[in-house]
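This report concerns only the one structure given below.
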Amino acid sequence: LLSFLPERSNLAGVRHILLVLSGKGGVGKSTIATELALSLRHSGKKVGILDVDLCGPSIPRMFRVQDNDVHQCDSGWVPVFVDQDKSISLMSIGFLLEKPDDAVVWRGPKKNALIKQFVADVAWGDLDFLIVDTPPGTSDEHISTVEALRPYRPLGAVLVTTPQAVSVGDVRRELTFCKKMGLRVLGIVENMSGFVCPHCSECTNIFSKGGGEELAKHAGVPFLGCVPLDPQLSQSLEEGRDFIQEFPKSSAFPALAHIAQQILDGTLQRSS
Amino acid sequence: AEAAELRERLGAVKHTVLVLSGKGGVGKSTFSALLAHGLAADEAKQVALLDVDICGPSIPKMMGLEGEQVHQSGSGWSPVYVEENLGVMSVGFLLSSPDDAVIWRGPKKNGLIKQFLRDVDWGEIDYLIIDTPPGTSDEHLSIVQYLSAAHIDGAVIITTPQEVSLQDVRKEINFCHKVKLPIIGVVENMSGFICPKCKNESQIFPPTTGGAEKMCQNLNVSLLGKVPLDPQIGRSCDKGHSFLSEAPESPAASSYRNIIQRIQEYCDQRPFQEEKII
């Protein structure tokens, strides 16, 4: 039974909503969300990113728009467009902070109130995909976000992990969260999976290898692939560049493109 | 009355160190575990490690204590001991399965943190190390609030070199200033990688804005040290062993040891006073 959807809901024009989750911090949720958005854009899609990490909003910098302001219109907040094309738009608390070094030191209830606003009051317009980037964990932000999005029937969640057991241990709990909240798991990404030395091509598994793939098998969810550590990718994110456009020969590119393709294939399957 | 309870329980703790970061996945738990091992190497010292990351409790695995449960006695909850002089507490010990998720909102998390501080029978400890989740939210506010009954020597802040981390860590530093928590210093983790084959260095997480060094200069906090990436660190953590014992000759182990020593020196400069006026 769907809740009543307001007539002119700001999410009415959004075709597919997907969340990027992880039980573990620092595994690359924002990175994957960013690269997925860039890849989908290169496939001709219009994408929005909603960054609900209130304590550590990374998305604006990854698109070099960290100094932008947000404006309001009749229907709510106008998302920040990353370029002239208006093919990628963002909303993040990062835009609302007066000083970027200001800490958002809020307890749960206040965070929940802002998240509800973010979900309902951003005037996205028509989007093919809305990607929701989250902080690590299974707490206020996650519960509120999933509950607020539920009437709009999200496509599901992409879970990101690094290969080692310590990360996988937390991501298992995130899988439980998804199950309990009725959120479909689109698949698991094993990020930071191996490093190929640019000087001698020796591969070192700095954060181990295989844990994400094993978890996907164990949990019966799709495995979306391994993304290697790639200094060019890190550099790109630091500078807010379009890695997909500018570094197609870089080591992380094939895996990132493949993830996006699987998401696209999944949406075609869903419609048919 | 609550404050009095906490004061009583924490009154016998000589030094308390918080391990913080605005950013996730930079190595807080790794560092907390190694700091605990490092300090407990002196068998005369009693060390306690408290893991208040309720959603992602990594400490039990890193300390080789997965599957352990907490026992209750008349004097409260017993910590789980790795060594005779090193006790650990984590929500991980309260979960019966590795798939169990703690899907709690703020107030319930705060309640558990208070219980950890009030009900765990640590005994007399020289060092209480508190590992935290990333961010500046309920857990952090609560810890600082409840620990006002005890004496916090300060916070060690962990970062990695790139701006994406530093931008969150600056917020954490501001949080510390806001709540008047002294900062012992910053550790720059994952600082470069030396290929084991050709020995060339790669900056996998590039310090595009000057890394922790520049940030510390700008914000007038100490840089305690830099630790390079070393695949053995992750392996040791996954096995639940101390990296310092497994790879004592590695450059990363040497960096960690130096940093731990600096923290110890910082704490020693602030002698424990029996009577605390709150």
Condition first: of a type in the set (D, E, K, R) and part of a helix (DSSP H, G or I). Can you find one or more residues in the range A:128-136 that meet it?
no
By residue number, the members of the range A:135-168 that are more than 11 Å from chain B (Cβ to nearest Cβ) and either crowded, with 24+ Cβ neighbours inside 10 Å or hydroxyl-bearing (Ser, Thr, Tyr) (or both) are A:145, A:152, A:157, A:158, A:159
Of (1) part of a helix (DSSP H, G or I); (2) out of contact with any helix residue (DSSP H, G or I) (no Cβ under 8 Å at 6 or more places or on another chain); (3) under 23 Å from residue B:46 (Cβ atoms), residue B:81 fails just (1)
Subset of the range A:99-122 [under 19 Å from the mean Cα position of the chain (by Cα) and not in a helix (DSSP H, G or I)]
A:122
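Every residue, every condition in (1) in contact with a helix residue (DSSP H, G or I) (Cβ under 8 Å, 6 or more places away or on another chain); (2) among the acidic types (Asp, Glu), yes or no:
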| position | (1), (2) |
| --- | --- |
| B:126 | yes, yes |
| B:140 | yes, no |
| B:150 | yes, no |
| B:158 | yes, no |
| B:164 | yes, no |
| B:181 | yes, no |
| B:201 | no, yes |
Check on residue B:209, within 13 Å of chain A (Cβ to nearest Cβ), touching a residue at least 12 places away in the same chain (Cβ under 8 Å) and crowded, with 22+ Cβ neighbours inside 10 Å:
no
Suppose we keep only residues that are part of a loop (DSSP other than H, G, I, E, B) and either among the charged types (D, E, K, R) or at positive phi (or both) within the range A:33-65. Which one would you say is modelled with the lowest pLDDT?
A:53
Restrict the check to the range A:188-201 and report whether at least one residue is within 21 Å of the chain's Cα centre (by Cα) and part of a helix (DSSP H, G or I).
no
Mind checking whether some residue in the range B:113-121 is within 23 Å of residue B:54 (Cα to Cα), acidic (Asp, Glu) and surrounded by 22 or more Cβ atoms within 10 Å (Cβ to Cβ)?
no
Residues of the range A:184-214 being surrounded by fewer than 23 Cβ atoms within 10 Å (Cβ to Cβ), more than 8 Å from chain B (Cβ to nearest Cβ) and hydrophobic (A, V, I, L, M, F, W, C), which ones?
A:185, A:196, A:203
For the range A:102-134: of the residues being within 20 Å of residue B:138 (Cα to Cα) and touching a residue at least 40 places away in the same chain (Cβ under 8 Å), which is nearest to the other protein chains (Cβ to nearest Cβ)?
A:103
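The values are calculated or read from the model by the stated rules, or taken from the named source; none is laboratory data. The structure displayed is predicted, hence computed values, not measured ones. Cβ coordinates were reconstructed from backbone atoms using ideal geometry, including for glycine residues, and neighbour counts include every protein chain displayed.
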